[in-house]
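Structure first, commentary second.
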Amino acid sequence: MKEKKHCLKTLFRVIGAYKNSLLLGFLLGILLVVGDFFAIQQFFGLERPPLTLAKTEVELRRDEKTIPEYNSLETKNEGLLESNNKGENKVRENELNNPDPVSEVTDSDVPNQDHIGNNLDVIIEESIPTINQKQFTVLLVGVDQRPGEKSYSNTDTLLVASINTVNGQISLLSIPRDTQVNIPGYGKEKINAAARLGKGLITTQSLVEEITGQPIDGYVLTNFNGFKKMIDTLGGITVTVEKDMYYVTGDKEDGTINLKKGTQRLNGTQALQYARFRQDALADISRTSRQQAVLKAMVKELKQVKTLPKLPALIAQMTKSMETNLSAGELWSLANILSHFKNPEVISQTLPGNFLIEDEISYWKVDPLKSHAIIRRFLDEGKTTSVFFQ
């Protein structure tokens, strides 16, 4: 009987830890741009309340009855100290009266197998901070440099990922890198220069809020090398390449884009080529659509059962190539929210506008008043619209 109780507790701990790994892994997959996700350095560097994953139904009910209410933080602290002292005395008393610290377990102490998952859900939800808003929005930034460097280069990818915490819908809004904005101290510039000319990604985040009319809760920065390693660890992604693609980029690394038309399995280098290609009539507008396709393919791949054993390696890779200003609590809350939706709908849209040549420079011109209404409808109702303003 004692061995049975010990085995059950061990099983609950393993299930609980594994479930939390899945939650975190799923969140990492959802919030991927053209590159992997955010800086796990910050995540592991921040403390969070330990999750109690081995409690049975009996213990949970007992906790509900015995948790006291406090009128103030000071009273609460005093109560906790007093409770802790009483607990230590009780343990010592039990040890004297019963040399064997493992008590007998009855059938009523063993949780029904049907409720094991529910118990873990309750425990996890109580341990993770709650996001009290309908939409939680993150700015995903892709750059061809190493995150953490003192200076920023022009951003290669800007994508707004908004998660509806009510129905689980994930909305992806691509911001063309040639979008015209007013950077403080510089005037009219392309938004991809905002981080370099302004105060880093905070300037970029502020400008995205201005042109979309939507509050951004934080940003995530990733680089090309991290993206390629992520795809390779997944075993590749399946994408339909709509036409033959060939272009010499001139970069020291990944200097040539060379893909053939058709549905195929792309490795990390090939996926990066597909996501970066813009040598066609619509240039950056076509490229944003390809980036959305890559993101959706990665989400689909991460949801496969065969991907689960690869999560530790994926997380280890992410620590080396990303940075974020999101807190650990926010990340865990998002993971908890997304875990409730088995097949969340993923929709995509490119920020509407028109091509503009001004002072011999090509821009993507956005009308803020029109775009605000379109984006609001996109987020609230899931309705997409033409990329070009009429």
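Only one entry in Leu331, Leu311, Leu326, Leu295 is part of a loop (DSSP other than H, G, I, E, B), on the phi < 0 side of the Ramachandran plot and surrounded by 18 or more Cβ atoms within 10 Å (Cβ to Cβ), namely Leu326. Please specify each residue of the range 238-288 satisfying the condition of being farther than 26 Å from Ser362 by Cβ and in a helix (DSSP H, G or I). Those that are farther than 26 Å from Ser362 by Cβ and in a helix (DSSP H, G or I): Gly268, Thr269, Gln270, Ala271. Taken over the range 135-169, the criterion of being of a type in the set (A, V, I, L, M), touching an Asp or Glu at 6+ places or on another chain (Cβ under 8 Å) and at pLDDT below 90 is satisfied by Val143 alone. For the residues Val239, Val160, the requirement of being more than 30 Å from Gln133 (Cβ to Cβ) and either in contact with a Leu (Cβ under 8 Å, 6 or more places away or on another chain) or in the same structural domain as Gln264 (by TED's automatic domain parsing) (or both) singles out Val239. Within the range 238-270, being aliphatic (A, V, I, L, M) and either touching a Ser or Thr at 6+ places or on another chain (Cβ under 9 Å) or modelled with pLDDT under 95 (or both) holds for Val239, Val241, Val248, Ile257, Leu266.
crowded, with 22+ Cβ neighbours inside 10 Å, touching a Leu at 6+ places or on another chain (Cβ under 8 Å) and at pLDDT below 85: does that describe Leu302? Answer is yes for this residue. Sub-9 Å Cβ pairs linking a first residue in the range 357-374 that is among the basic types (Lys, Arg) to a second residue that is assigned to a loop (DSSP other than H, G, I, E, B), at least 6 apart or interchain, are Lys365/Phe389; Lys370/Pro352; Lys370/Phe389, ordered by first then second residue.
Taken over the range 190-225, residues that are assigned to a helix (DSSP H, G or I) and closer than 15 Å to Thr155 by Cβ amount to 17. Scanning the range 198-236 for residues that are modelled with pLDDT under 95, among the aliphatic types (A, V, I, L, M) and touching an Asp or Glu at 6+ places or on another chain (Cβ under 7 Å) gives Leu221, Met230, Leu234. Considering only residues that are part of a strand (DSSP E or B) and surrounded by fewer than 20 Cβ atoms within 10 Å (Cβ to Cβ), which ones fall in the range 165-182? Answer for the range 165-182, where residues must be part of a strand (DSSP E or B) and surrounded by fewer than 20 Cβ atoms within 10 Å (Cβ to Cβ): Gln180, Asn182.
Within the range 343-357, is even one residue within 15 Å of the chain's Cα centre (by Cα) and of a type outside the set (Asp, Glu)? Checking the range 343-357: at least one residue is within 15 Å of the chain's Cα centre (by Cα) and of a type outside the set (Asp, Glu). Among the residues of the range 355-390, those that are at pLDDT 90 or above and among the aromatic types (Phe, Trp, Tyr) comprise Phe355, Tyr363, Trp364, Phe378.
Answer yes if at least one residue in the range 204-220 is in contact with a Leu (Cβ under 7 Å, 6 or more places away or on another chain), more than 22 Å from Val366 (Cα to Cα) and of a type in the set (A, V, I, L, M, F, W, C), and no otherwise. Taking every residue of the range 204-220 in turn, at least one turns out to be in contact with a Leu (Cβ under 7 Å, 6 or more places away or on another chain), more than 22 Å from Val366 (Cα to Cα) and of a type in the set (A, V, I, L, M, F, W, C). Kindly provide the set of residues from the range 238-267 that are closer than 16 Å to Gln292 by Cα and either touching a Gly at 6+ places or on another chain (Cβ under 9 Å) or not β-branched (Val, Ile, Thr) (or both), ordered by number. Selection gives Thr240, Val241, Glu242, Leu266.
The values are calculated or read from the model by the stated rules, or taken from the named source; none is laboratory data. Note that the structure is a prediction, hence the values are computed from the model and not measured. Quick reminder, even Gly has a Cβ in these numbers, built from the backbone with ideal geometry, and neighbours come from all protein chains shown.
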